[in-house]
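Novice: Mind having a look at this structure? Questions to follow.
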Number of protein chains: 2
Amino acid sequence: MEIPPVVIDRLPLYTRALSALESEAREVVSSQELGTRLGVTPAQIRKDLSYFGRFGKQGRGYNVHKLLDELQRILGLDRQWRMALVGVGKLGRAILGYEGFTPQGFRIVQAFDTDPKRVGEQLNGLTVKSADELESALSANPVDVGIVAVPAEIAQSVINTLVKCGVRAILNYAPIAAQVPRGVHLKRIEPVLALQSMTYYLKNSRGPA
Amino acid sequence: MEIPPVVIDRLPLYTRALSALESEAREVVSSQELGTRLGVTPAQIRKDLSYFGRFGKQGRGYNVHKLLDELQRILGLDRQWRMALVGVGKLGRAILGYEGFTPQGFRIVQAFDTDPKRVGEQLNGLTVKSADELESALSANPVDVGIVAVPAEIAQSVINTLVKCGVRAILNYAPIAAQVPRGVHLKRIEPVLALQSMTYYLKNSRGPA
DNA sequence: ATCTGTGAAGCACTTCACAGCG
DNA sequence: CGCTGTGAAGTGCTTCACAGAT
C-alpha cells in the first residue's frame, strides 16, 4: 500500500510522545490523550496507525511500549544509521559536536572538506578527508545519510557527488534550493527558511495575542 | 483572502532562487525555468503568485528584480526582525555564532539561560541574562521571535513563558513535541526528526538507486 | 509564438460518524 | 460504556487546459 508522505512525517512525533509516556511509566494511552499532547486530532492518529496495522484495544487504547516498538520498527529506528558530513567549517563542527544524534542511533562516521587546510585535522575522533576522496571513501565505507554543511556556492555539486556515490538521504544545511533526482530524499534543515515563512504571519497580525 | 499555508512555506524558496538569478544578472524568468530550478511545477508557481497579484507579463515571464522585491515585501523580509535566544549551552552558542541570520535581516538581541553559572557571561556582544528575567527583559525590550535551545525537560515551560511574554513566533531546537496556543507559530528545527522520517524510505527501498 | 493568470477538474489528506470489540 | 478501526464525506491543495495579453 502507498502511505501518504505526511503520515510518515508524523510518525517520529508519535514515537517522541510515546518515549515520554514510557519514561513516565504509563502503560496505556488513548488516541485522545496522545492527540492532546501533540496537537493532533485523535481521528488522525488512529487513521495514521491504521495504515500499518491494528495496534490498539477497543475500550482501552494503545499499549505504550508495544506501540513505540512497532513504530520504531516501521521507521527503521531499531538499527544504527551511518552518516557522512561534508563541510567542517563553523557549522560542520557544531553538527559534529551535536549530542542528539547518537542516542537515536545516528552516527557520523566520516567527515570531508574541500579546504586543504582542514584536511587531515582530527575532530571528534574522525580524520577530515578531502572532498576529492568522497567517491573512493564512500565506496570503501558506505553511509546511509549525507549531511551537507558547505557554502551555498558548492552545495549543489557536493549533493550531486553524494547522489552519484549512492547516498539516498541528504540533510541539507546550505541555504540553497537544491535539486535531487527522484528516489533521493532531501530535507532542508535551515533556520532562515523557517523564519522567513513565520514573518509573513507576524507581519499580518499586529497587536498583542 | 485566506492563503493556503503551504503557499507561504514555498515563497521563501522562490525568493532564494530569485536572489540567485539576480546575482547572475538575469532580468526575466519564466515559471517554467523557476520551476525546473526548484523542483516545483510551473503551474504551481503561477497559482501561488496569483494569490498576491499579477506580477508577470504574458509571453515574457517575470521580471526577476521586481518579483523578488514583491515577495520580500509580502513575507516581511524588507525589515529587521529581533530575536531572543533561550539556552546558551553548546547548541545555543552555535546558534549565536551562526552567520546566516544577519544577512537576511534576523538578529539575536538577547540571550538567556537557566544555569546561574552562565548568567553574566559575554557571548557575541551579548550579556547572558537569567531566564527568570525573561518577562521583565522582554517587556522592556520586545522581540519578534524566540529561539529555544534548552534541554527537552524544560523546553515546554520556556515556550510557555515566551508565549506569555507575547512572542508569537518560535524556533524550537529542543527534541520535544511542544504545544503552543492558536495564533502562535512554532517551527521545529530539529535534525533528528528529519532523519527519522527519511529512514522509513531508506528501509523500504533496498539496493542501489 | 510564448507565457501568464485562472476557473474547473482531479487528487490527497483530514475529519466525521458509527459499527463492533473489550 | 469507552475507545478503536474505517468507509464515506468533506476540505484543501495541485494540476489541467485554455483564454487572453504581448
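Laboratory data are not the source of any read-out in this text; all were calculated from the coordinates shown. A quick note: this is a predicted structure, and the numbers were derived from the prediction, not measured. Using ideal geometry, Cβ is built from the backbone for each residue, glycine included, and neighbour counts are taken over all protein chains shown.
Novice: When chain A is modelled as a GNM with alpha-carbon springs shorter than 10 Å, which of A:GLY97, A:GLY183, A:GLY59 fluctuates the most?
Specialist: Of A:GLY97, A:GLY183, A:GLY59, the most mobile in the Gaussian network model is A:GLY59.
Novice: Which residue, B:VAL163, B:VAL180, B:VAL192, tops the fluctuation ranking in a GNM of chain B built on C-alpha contacts under 10 Å?
Specialist: Result: B:VAL192 has the largest fluctuation of those listed.
Novice: Determine the principal axes of the Cα atoms in the range B:77-154, then give the extent along each, sorted from largest to smallest and rounded to whole angstroms.
Specialist: So the extents along the principal axes, rounded to whole Å, are 37, 26, 25.
Novice: For chain B, modelled as a GNM with alpha-carbon contacts under 10 angstrom, which of B:ALA149, B:ALA137, B:ALA20 fluctuates the most?
Specialist: B:ALA20
Novice: Right, something else. Per-residue Cβ counts within 10 Å, from other chains only, averaged over B:99-112: what number is that?
Specialist: 2
Novice: Using a Förster distance of 51 angstrom, determine the FRET efficiency expected from the C-beta separation of A:GLU135 and A:THR41, and round it to 0.05.
Specialist: FRET efficiency, A:GLU135 to A:THR41: 0.60.
Novice: Any idea what diffusion coefficient the range A:66-209 gets from Stokes-Einstein, in µm²/s, Kirkwood Rh on alpha carbon pairs, 20 °C, 1.002 mPa s?
Specialist: Once the numbers are plugged in, D ends up at 129 µm²/s.
Novice: What lysines does B:LYS117 reach when the alpha-carbon gap must be under 22 Å and sequence neighbours fewer than 8 apart in one chain are set aside?
Specialist: Cα-Cα hits under 22 Å: B:LYS90, B:LYS129.
Novice: How large, in Å, is the range A:1-155 by the Kirkwood hydrodynamic radius built from its alpha-carbon pairs?
Specialist: 18.1
Novice: Same structure again: Give me the net charge for the shell around A:VAL64: Cβ to Cβ below 10 angstrom, other residues only, Lys and Arg +1, Asp and Glu -1.
Specialist: So the environment of A:VAL64 carries a net charge of -2.
Novice: Explain nothing, just the number: relative contact order of the range A:1-91, from Cα pairs under 8 Å at least 6 residues apart, as a whole percent.
Specialist: Computed over the range A:1-91, the figure is 32 percent.
Novice: Sorted from largest down, what three extents in whole angstroms do the Cα atoms of the range A:1-91 have along their principal axes?
Specialist: 54, 34, 25
Novice: Express in whole angstrom the spacing between the alpha-carbon centres of the range B:130-174 and the range A:158-195.
Specialist: Each part reduced to its Cα centre gives a spacing of 31 Å.
Novice: I would also like to ask the following. Over 27 Å apart: what share of the alpha carbon pairs of the protein assembly as shown falls there, rounded to a whole percent?
Specialist: So the portion of pairs separated by more than 27 Å is 57 percent.
Novice: Another one. How do A:LEU18, B:LEU91 rank when sorted from fewest to most other Cβ atoms within 10 Å of their own Cβ?
Specialist: B:LEU91, A:LEU18
Novice: R0 = 56 Å: FRET efficiency of A:PHE52 with B:LYS117, Cβ-based, nearest 0.05?
Specialist: The value I calculate is 0.75.
Novice: Calculate the spin-label point distance for B:VAL109 paired with B:ASN204, positioning each point 7 Å from the Cα along the beta-carbon direction, and give it in nanometres.
Specialist: 4.6
Novice: Hey, another quick one. Going by how many other beta carbons lie within 10 Å of each one, how would you line up B:GLU133, A:GLU153, fewest first?
Specialist: A:GLU153, B:GLU133
Novice: With no solvent and one point per C-alpha, what does the Debye sum give as log10 I(q)/I(0) for the range A:8-53 at q = 0.16, 0.21, 0.22 Å⁻¹?
Specialist: -0.39, -0.68, -0.74
Novice: Taking H placed 1.01 Å from N in the peptide plane, check which residues at least 5 places from B:GLU27 or on another chain put their amide H under 5 Å from its amide H.
Specialist: Here the answer is none, since no amide H 5 or more places off falls under 5 Å of that of B:GLU27.
Novice: Per DSSP H run of at least 4 residues, take -39500 (n - 2.57); add these up for chain A, divide by its residues and hand me the 222 nm value, nearest 500 deg cm²/dmol.
Specialist: So the helix-based figure for chain A works out to -13000 deg cm²/dmol.
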